[in-house]
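Working notes, structure below.
The values are calculated or read from the model by the stated rules, or taken from the named source; none is laboratory data. Computed from a predicted model, the values in this text were never measured in an experiment. Virtual Cβ from ideal backbone geometry, glycine too; neighbours counted across all protein chains shown.
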Amino acid sequence: MTDVKYCPICTKSASLPCSSCKNAVYCSQEHQLSHSPEHKHQRSPVKVAFSEKYGRYLIATRDLKAGELILRESPFILGPKSFTLPVCLGCHREFSKAYGILTPLRCLLLANQDKDKLNYLQGHLQERYNTPLYQGYRYGVVLVIKKMLKLPYEEEDILNVCAILDTNSFDVRGASKQRARAIYYQSAMMSHDCSPNTRHTFDPETLEIILYTTKFVPKGESLTATYTQTLWNTTRRRAHLKVAKCFDCSCNRCSDPTEFGTYAGSIKCSECSGFICSTNPLDCIADWKCNNCGEITLANEMTWNDEVIRSEIRSLELTDPNELEGFLERYKNTLHETNSHVIEVKYALTQLYSGEYGTADKIITERLERRIEFCRELLAVAEKLDAGATKWRGQLLLNLQEALVAWAKKEFKQKNITKTLLQENLNMATEYLKEAASILQVDRDLCTALPKHMKNLKMAVKNL
Ligand SMILES: C[S@@+](CC[C@H](N)C(=O)[O-])C[C@H]1O[C@@H](n2cnc3c(N)ncnc32)[C@H](O)[C@@H]1O
């Protein structure tokens with residue numbers, strides 16, 4: 001049966017086909033001509049064909065010139081790829097800036113009771129309002145929520161949840177090292193101390209925070225966390241706390257010009273053998289003074305010196321021991337041996353000078369001895385600044401025992417030490433390892449290395 005075709009202009013039956021597509025038919029040339037502008041638009045230069053070999057496939061319906069537009073089509077279904085960076089679920093553009101809105105948005109969307117609870121947390125919005133970070137939030141968060149998502153929140157409310165998040169969030173790391181931020185309501189209540197008495201880990205699956213004391217905390221004493229880096233010097237910690245958490249720290253460590261005798265922020269006096277310390281560490285513009293000859297240095301000169309050294313460290317190739325040793329050599333007559341920059345570099349070296357037991361013999365004795373020396377020095381610093389069952393002490397003890405075992409085995413093999421000395425070193429290493437294990441067993445990322453260390457140490461003792 002032949003289909004009856006109709007003219008699209010007058011709907012009468014038609015038999016004059018379009019010479020181009022052969023699909024449309026007209027009753028007359030006159031109607032074909034009048035339909036031409038519309039039909040030209042409808043006509044596709046491609047159509048679907050079928051063959052046994054290819055199944056359906058696409059063919060050109062006419063000659064196509066180079067550069068001719070042949071298809072423009074809306075998506076039938078649309079979504080992100082299976083493996084993707086965070087993308088906008090609307091436009092699929094990378095979302096690095098706008099992704100930052102999600103946590104504030106979750107705060108804004110909290111049910112009333114929880115919203116009240118959230119708003120009860122300190123945020124310091126007034127102090128933060130005109131800072132560069134909050135100018136950035138006006139674009140990165142407020143604009144996206146109000147203009148892109150068209151949600152009915154006021155700028156002030158949006159910035160307020162940003163401020164509450166900035167003041168109270170923990171930096172969370174999960175099982176696959178994913179990073180997130182979270183407020184843990186009770187833990188957020190901990191005040192800050194530059195030598196805190198707690199530390200925390202996260203359950204990598206549930207992302208629950210798990211809080212531990214690091215030292216004895218008598219009844220009635222506050223439980224404290226650090227909101228900054230324990231190994232930074234006072235000037236740097238206080239500046240960071242002021243900007244990030246909007247308060248001036250006046251803890252015991254900040255109040256002590258020598259930072260519990262570590263001189264973490266001091267430089268050597270150019271006039272004598274003394275050290276230059278702040279005359280009032282709680283006042284960032286107070287003069288600094290040599291603790292031996294009394295020579296005065298201005299606060300901004302000290303800050304500038306510190307910044308120069310920090311930028312020098314930033315420019316070092318941190319995987320190259322020679323560069324780090326070069327830094328220590330250059331500054332040995334300028335900085336205290338436990339100045340914060342020296343601590344940072346020595347700690348980096350304790351990591352670099354590591355070695356597997358199996359390859360210990362290949363490690364140069366000098367480097368092993370250096371590792372032992374630095375671990376011991378840093379453990380003495382940890383006693384003052386980060387005492388007790390802290391992660392840093394755990395890591396240092398682990399490093400120290402590893403270096404001791406490797407060094408003693410190597411020296412004994414080369415007949416440089418007696419069996420008694422070997423045994424003494426292994427006994428010492430066993431004590432360090434026991435303490436490291438008791439500290440690090442709660443850190444999922446670090447405790448996985450413990451059984452290997454224990455097995456190797458046991459083997460070394462057994463082979464005596
Ligand atoms: C994570 S919140 C702690 C809970 C907060 N105190 C509250 O009531 O919501 C951090 C804020 O507490 C205050 N804070 C914490 N430790 C402090 C300290 N050592 N000195 C002064 N203020 C501190 C500061 O206002 C800081 O921005």
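Which of the residues spanning region 182-198 are more than 9 Å from the ligand (Cβ to nearest atom) and part of a loop (DSSP other than H, G, I, E, B)?
Of everything in region 182-198, those that are more than 9 Å from the ligand (Cβ to nearest atom) and part of a loop (DSSP other than H, G, I, E, B) turn out to be TYR184, TYR185, GLN186, SER195, PRO196, ASN197.
How do the pairs read when you match residues in region 225-249 that are over 16 Å from LYS391 (Cα atoms) with residues anywhere that are near the ligand (Cβ under 10 Å from one of its atoms) and of a type in the set (A, V, I, L, M), using Cβ under 6 Å and keeping only pairs 6 or more apart or on different chains?
These pairs meet every condition: CYS249/LEU241.
Can you tell me which residue in region 431-464 is nearest to GLY388 (Cα to Cα), limited to those that are β-branched (Val, Ile, Thr) and assigned to a helix (DSSP H, G or I)?
ILE439
Given the criterion under 30 Å from ASN456 (Cα atoms), among the hydroxyl-bearing types (Ser, Thr, Tyr) and at pLDDT 95 or above, identify the matching residue among TYR331, TYR347.
Result of the check over TYR331, TYR347: TYR347.
Assess whether LEU211 counts as being within 14 Å of the ligand (Cβ to nearest atom), in a strand (DSSP E or B) and farther than 26 Å from ILE343 by Cα.
It is true that LEU211 is within 14 Å of the ligand (Cβ to nearest atom), in a strand (DSSP E or B) and farther than 26 Å from ILE343 by Cα.
Between ALA403, ALA408, which is at pLDDT 90 or above, assigned to a helix (DSSP H, G or I), in contact with a Cys (Cβ under 8 Å, 6 or more places away or on another chain) and surrounded by 19 or more Cβ atoms within 10 Å (Cβ to Cβ)?
The unique qualifying residue is ALA403.
Residues GLU329, GLU295: which one is closer than 30 Å to LEU368 by Cα and among the acidic types (Asp, Glu)?
That would be GLU329, the only listed residue that is closer than 30 Å to LEU368 by Cα and among the acidic types (Asp, Glu).
May I ask you to verify whether ALA264 is crowded, with 19+ Cβ neighbours inside 10 Å and on the phi < 0 side of the Ramachandran plot?
yes
Would you mind listing the helices (runs of 4 or more DSSP H) fully within region 290-396 where at least 2 residues are touching a Pro at 6+ places or on another chain (Cβ under 7 Å)?
340-352
Please tell me if ARG199 is within 28 Å of ALA382 (Cβ to Cβ) and surrounded by fewer than 14 Cβ atoms within 10 Å (Cβ to Cβ).
No: the conditions fail for ARG199.
Among the residues of region 145-181, which ones are basic (Lys, Arg) and not in a strand (DSSP E or B)? Please lay out each step first, then the result.
First pass over region 145-181, keeping only residues basic (Lys, Arg): 146-147, 150, 173, 177, 179, 181.
Within region 145-181, LYS146, LYS147, LYS150, LYS177 qualify.
For region 413-428, what are the residues that are touching a Phe, Trp or Tyr at 6+ places or on another chain (Cβ under 9 Å), of a type outside the set (A, V, I, L, M) and in contact (Cβ under 8 Å) with a residue 40 or more places away in the chain?
The answer is LYS419, and nothing else.
Among (1) within 26 Å of the chain's Cα centre (by Cα); (2) at pLDDT 95 or above; (3) loosely packed, with under 15 Cβ neighbours inside 10 Å, there is one condition ALA380 misses while meeting the rest; what is its number?
The single condition ALA380 does not satisfy is (1).
Okay, residues lined up against (1) within 30 Å of THR230 (Cα to Cα); (2) in contact (Cβ under 8 Å) with a residue 24 or more places away in the chain; (3) not hydrophobic (A, V, I, L, M, F, W, C):
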| residue | (1), (2), (3) |
| --- | --- |
| THR365 | no, yes, yes |
| ARG371 | yes, yes, yes |
| LYS391 | yes, yes, yes |
| GLU411 | no, yes, yes |
| THR430 | yes, yes, yes |
| LEU440 | yes, yes, no |
| ARG444 | yes, yes, yes |
| THR448 | yes, no, yes |
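Out of the residues in region 160-181 meeting the condition of being among the aliphatic types (A, V, I, L, M) and either surrounded by 15 or more Cβ atoms within 10 Å (Cβ to Cβ) or within 16 Å of the ligand (Cβ to nearest atom) (or both), tell me which one is farthest from THR390 (Cα to Cα). Let's see the steps before the verdict.
Initial filter on region 160-181 (among the aliphatic types (A, V, I, L, M)): 161, 163-165, 172, 175, 180.
Still in the running and either surrounded by 15 or more Cβ atoms within 10 Å (Cβ to Cβ) or within 16 Å of the ligand (Cβ to nearest atom) (or both): 161, 163-165, 172.
Values: VAL161: 32, ALA163: 29, ILE164: 28, LEU165: 26, VAL172: 18 Å.
For region 160-181, the residue satisfying everything is VAL161.
Mind telling me which of the residues GLN135, GLN122, GLN113, GLN126 ends up being within 19 Å of MET189 (Cβ to Cβ) and either in a helix (DSSP H, G or I) or among the small types (Gly, Ala, Ser) (or both)? Don't jump to the end; show me each part of the working.
Working: GLN135 fails: within 19 Å of MET189 (Cβ to Cβ); GLN122 fails: either in a helix (DSSP H, G or I) or among the small types (Gly, Ala, Ser) (or both); GLN126 fails: within 19 Å of MET189 (Cβ to Cβ).
After applying the criteria, what remains is GLN113.
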